[in-house]
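The values are calculated or read from the model by the stated rules, or taken from the named source; none is laboratory data. Treat the numbers as computed from the prediction; the structure is a model and nothing was measured. Cβ: placed from backbone, ideal geometry, glycine included. Neighbour counts: every protein chain shown.
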């Protein structure tokens, strides 16, 4: 049994150690069942992303579903980590609708990795815009999580120099402090994309200073 467990530990660790951002892993088994996964990683990827990669890799390779609560990740700067995670840019948006509700999916990119978020709302024009803002914030949370808590306060469309523009107000909570940030963008041909850009306009400077 001991030899079998030792072999399993090596196989699991060998797989996890190959994942992006992982420096070293340690696995604890009980009766051939994983009870703890401890990972040391660099800061090139968020702990949430690394944990999801571990779950997916083990499921595909060994057919074993792992609860994320079993995964513990410690991060340290690495000399091999050259990525500067300071800004997010808009990558893609998709909006689907049924009779009563809409769902938005927003994808952002920091230059190397992508971060996605989703949100749903009633089929009302202002609710849909706020939904897109929330989906964007959910994507941002996958980038900075768990440093900040983000919440949309308001989304407004207004006229500016004869063109439609959109403004968003975002609440950012860090520990016990709450700040509000304002961002804007011209609407152009796509109000959904404009909401995403306005949301990032409000947050990117805060993200890069966190």
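Data overview
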quantity	calculated
Qualifying residue in the stretch 57-65 (condition: under 18 Å from the mean Cα position of the chain (by Cα) and either closer than 30 Å to residue 201 by Cα or at pLDDT 90 or above (or both))	no
Selected residue [out of contact with any helix residue (DSSP H, G or I) (no Cβ under 7 Å at 6 or more places or on another chain), at pLDDT 90 or above and within 21 Å of residue 125 (Cα to Cα)] from 166, 170, 153	153
Set 195, 132, 140: member being under 21 Å from residue 48 (Cα atoms) and surrounded by 12 or more Cβ atoms within 10 Å (Cβ to Cβ)	140
Residues within the stretch 52-73 that are within 25 Å of residue 109 (Cβ to Cβ), surrounded by fewer than 16 Cβ atoms within 10 Å (Cβ to Cβ) and in contact with a helix residue (DSSP H, G or I) (Cβ under 6 Å, 6 or more places away or on another chain), tallied	1
Residue list for the stretch 24-51, filter: closer than 26 Å to residue 110 by Cβ, surrounded by fewer than 18 Cβ atoms within 10 Å (Cβ to Cβ) and touching a helix residue (DSSP H, G or I) at 6+ places or on another chain (Cβ under 8 Å)	24, 48
Pair list, Cβ < 7 Å and 6+ apart or interchain, from the stretch 62-73 residues that are within 16 Å of residue 11 (Cα to Cα) to residues that are at pLDDT 90 or above and in a helix (DSSP H, G or I)	64/58; 65/59; 66/54; 66/55; 66/58
Of the criteria (1) over 18 Å from residue 202 (Cα atoms); (2) modelled with pLDDT of 90 or more; (3) assigned to a helix (DSSP H, G or I), which one residue 138 fails	(1)
Filtered residues of the stretch 148-190 (kept if closer than 19 Å to residue 106 by Cα and more than 21 Å from the chain's Cα centre (by Cα))	154, 155, 166, 167, 184, 185, 186, 187, 188, 189, 190
All positions within the stretch 9-38 that are in a loop (DSSP other than H, G, I, E, B) and under 22 Å from the mean Cα position of the chain (by Cα)	18, 19, 20, 21
